[in-house]
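The values are calculated or read from the model by the stated rules, or taken from the named source; none is laboratory data. As the structure is a computational prediction, the values presented were derived from the model and not from experiment. Cβ sites come from the backbone with ideal geometry, for glycine too, and all protein chains shown count toward neighbours. Protein only, heavy atoms only, side chains kept; ligands, DNA and RNA dropped before computing areas. Shrake-Rupley method; radii C 1.70, N 1.55, O 1.52, S 1.80 Å.
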Amino acid sequence: MFRYFTSGESHGPSLTGIVEGAPAGLEITEDEIEQHLVRRQKGYGRGGRMAFEKDRATFQSGVRFGKTTGAPIALTMPNRAYEKDKSNWPVVMAKEGPRGDVEKITLPRPGHADLVGTQKYNFDDIRPVIERSSARETAMRVACCSVARKFLRELGIRIGGHVIRIGSVGYNSWEDVRKIADPYLDKDAEEIYHAADESDVRCLDADLSAKMREEIKLRRKEGTSLGGIYEILVTGLPAGLGSYVHWDRKIDGQIAQAIVSTQAMKGVEIGLGFEAGHRQGHDVHDEIYYDNRFKRRTNRAGGVEGGMTTGMPMIVRGVMKPIPTMIKPLKTADLETKKVEDTRYERSDVCALPRAVVVAESVIAPVLANAILERFGGDSMDIIRKRFSEETGYDLK
Ligand SMILES: Cc1cc2nc3c(=O)[nH]c(=O)nc-3n(C[C@H](O)[C@H](O)[C@H](O)COP(=O)(O)O)c2cc1C
């Protein structure tokens with residue numbers, strides 16, 4: 001089974017990840033991981049804080065001479081903020097006591113884990129909740145998932161995402177998105193991310209990109225924040241990953257969990273998703289025909305039927321809520337005094353959606369890698385490649 005764990009705090013010395021279940025013989029380098037980490041850091045709508053933090057994860061185990069050994073892969077990534085502000089964070093995040101005069105944080109931020117986190121873990125200081133619930137953790141998710149992504153890539157399975165809506169600006173319909181995104185799939189889904197990365201809002205349409213930037217600029221001025229919707233596509237998937245026989249084996253359910261467990265993600269659509277609820281059946285289902293093999297003229301199911309991949313490109317959408325930290329304050333009640341006050345502003349993104357696309361591309365990779373291992377399993381890349389190409393008939397050059 002392909003799985004991963006992350007640990008680490010936003011302002012602690014480093015983030016750590018362990019990837020377990022990667023087969024032996026997978027070629028992987030720290031540079032390949034960094035490429036997605038850098039993508040995660042870029043995007044219009046950023047606050048200043050992370051500008052100096054260039055992330056790089058280093059292997060501590062499980063990789064030898066550029067290939068995985070089959071052993072757990074440990075990754076670490078330093079937090080540059082900790083390094084930069086030596087007089088502050090090592091004191092605030094000290095491993096040993098006494099606490100001294102380190103200030104308690106007692107104003108919970110609405111929209112964050114702050115209030116319920118303190119109630120659940122019985123803290124009188126919000127700091128430990130802030131540190132672990134922060135989306136800084138997604139940097140290590142991206143690093144760990146990049147291993148799964150490379151594994152899929154070796155089997156010709158490619159992932160790419162793009163932004164389809166920021167606040168009130170977005171495409172008008174499913175068909176409009178298909179018109180702009182699907183031509184890229186003639187090659188593979190990575191073409192989508194390469195094209196989307198040309199835009200700092202990661203939108204494939206130049207006019208919409210400009211409008212999205214204006215929308216972000218306007219909302220920044222107003223002191224508020226924005227969320228939006230992205231779409232992730234996957235090409236090269238064989239039919240029959242996942243299963244219809246049991247709820248936790250359905251690939252769409254597993255994908256949904258991977259997306260919604262990411263900070264600020266509030267919903268997932270597979271294919272037409274919610275739009276299917278507005279349409280009649282004939283405008284939703286993909287008719288089947290035969291031309292040397294079974295085919296579909298449309299892919300409104302987004303490549304999944306009955307909890308299994310159909311062999312058509314997978315289309316997954318996710319919605320991100322607006323960032324909860326905003327210049328214009330919200331009201332909140334102090335944990336100690338119970339007095340209602342304004343939230344304090346710390347430098348924060350206005351809209352993290354362009355960056356979140358990279359996280360979403362990443363988190364679905366282990367789900368798909370796991371499904372591949374379940375179906376074509378083996379302990380080494382050679383065996384998996386052989387089984388995969390024999391059974392699917394796909395040519396893996
Ligand atoms: C890539 C990314 C960047 C984020 N950046 C911020 C940020 O700068 N400020 C902030 O308040 N929330 C940010 N968030 C959102 C919060 O982490 C998230 O809303 C919070 O942890 C509460 O979790 P929930 O929204 O899943 O309930 C970001 C999320 C992601 C995925």
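The HN-Hα couplings worked out from phi for the range 182-198 by the Karplus form 6.51 cos²θ - 1.76 cosθ + 1.60 (θ = phi - 60°) are 5, x, 5, 6, 4, 8, 6, 5, 5, 4, 5, 6, 4, 5, 5, 5, 5 Hz, whole numbers, x standing for Gly and Pro. Restricting the range 330-397 to GluC sites (Glu not before Pro) that sit in a DSSP loop and have at most 16 other Cβ atoms within 10 Å of their own Cβ leaves Glu336, Glu346. In a simple Cβ point-charge model (Lys, Arg +1; Asp, Glu -1; nothing else charged), the chain has a dipole of about 600 debye relative to its Cα centre.
With 31 Å as the limit, the listed pairs Lys179/Lys321; Lys120/Lys211; Lys67/Lys266 have Lys120/Lys211; Lys67/Lys266 beyond it between alpha carbons.
Output the relative contact order of the chain, whole-number percent, from Cα pairs under 8 angstrom with separation of 6+ residues. Before the final figure, lay out each step's value.
On the way: 785 pairs, mean separation 88.1, N = 397.
Computed over the chain, the figure is 22 percent.
Along the range 359-374 the Karplus relation, 6.51 cos²θ - 1.76 cosθ + 1.60 evaluated at θ = phi - 60°, assigns HN-Hα couplings of 5, 5, 4, 6, 5, 7, 4, x, 5, 6, 4, 5, 5, 5, 4, 4 Hz to successive residues, with x for each Gly and Pro.
The trypsin sites (Lys or Arg not before Pro) of the range 81-136 that meet both conditions, a loop assignment by DSSP and at most 15 other Cβ atoms within 10 Å of the site Cβ, are Lys86, Lys95, Arg99, Lys104. Under a Gaussian network description of the chain, with springs only between Cα atoms under 10 Å, the residue in Asp197, Asp125, Asp176 that fluctuates furthest is Asp176.
Compared with the dominant principal axis of the Cα atoms in the chain, helix 381-392 is inclined by about 50°.
The Cα center of the range 79-96 and the Cα center of the range 131-191 differ in position by 33 Å. Counting other C-beta atoms within 10 Å, and keeping those with at most 16, which DSSP coil trypsin sites (Lys or Arg not before Pro) do you find in the range 191-290? Counting only loop positions with at most 16 other Cβ atoms within 10 Å, the trypsin sites (Lys or Arg not before Pro) in the range 191-290 are Arg279.
Once the chymotrypsin sites (Phe, Trp or Tyr not before Pro) in DSSP loops with at most 15 neighbouring Cβ atoms within 10 Å are cut out of the chain, the longest remaining piece is 66-243.
Determine the per residue accessible area of the chain with all protein chains present and a 1.4 angstrom probe, expressed in square angstrom.
Numbers: 19410 Å² over 397 residues.
Solvent-accessible surface per residue comes out at 49 Å².
With a Förster radius of 30 Å applied to the beta-carbon distance between Asp207 and Lys397, the computed FRET efficiency rounds to 0.20. Put a dot 7 Å past the Cα of Tyr244, heading toward its Cβ, do the same for Ala333, and the two dots end up 5.1 nm apart.
Protein heavy-atom surface of the chain, 1.4 angstrom probe: 51% of the accessible area is carbon and sulfur, with nucleic acids and ligands not counted. Select from Gly223, Leu233, Tyr244 the residue farthest towards the positive end of the dipole of the range 173-259; place +1 on Cβ of Lys and Arg, -1 on Cβ of Asp and Glu, and compute about the Cα centre. The residue sitting most towards the positive pole is Gly223. Derived scalar couplings between HN and Hα for the range 340-352 equal 7, 9, 7, 5, 8, 9, 10, 3, 8, 5, 8, 8, 9 Hz in order, rounded to whole Hz, by the Karplus curve 6.51 cos²θ - 1.76 cosθ + 1.60 (θ = phi - 60°), x for Gly and Pro.
Here the range 1-43 is scanned for amide nitrogen atoms under 18 Å from the site 7 Å beyond the Cα of Lys86 along Cα-to-Cβ, giving 12-14.
With the Cα gyration tensor of the chain in hand, give its eigenvalues times 5 under a square root as the equivalent ellipsoid semi-axes, listed largest first in whole angstrom.
Working: eigenvalues 271, 145, 68 Å².
With the √(5λ) rule applied to the chain, the semi-axes are 37, 27, 18 Å.
Relative to the longest principal axis of the chain, what angle (0 to 90°, nearest 10) does the C-alpha long axis of helix 206-222 take? Between helix and principal axis, roughly 20 degrees.
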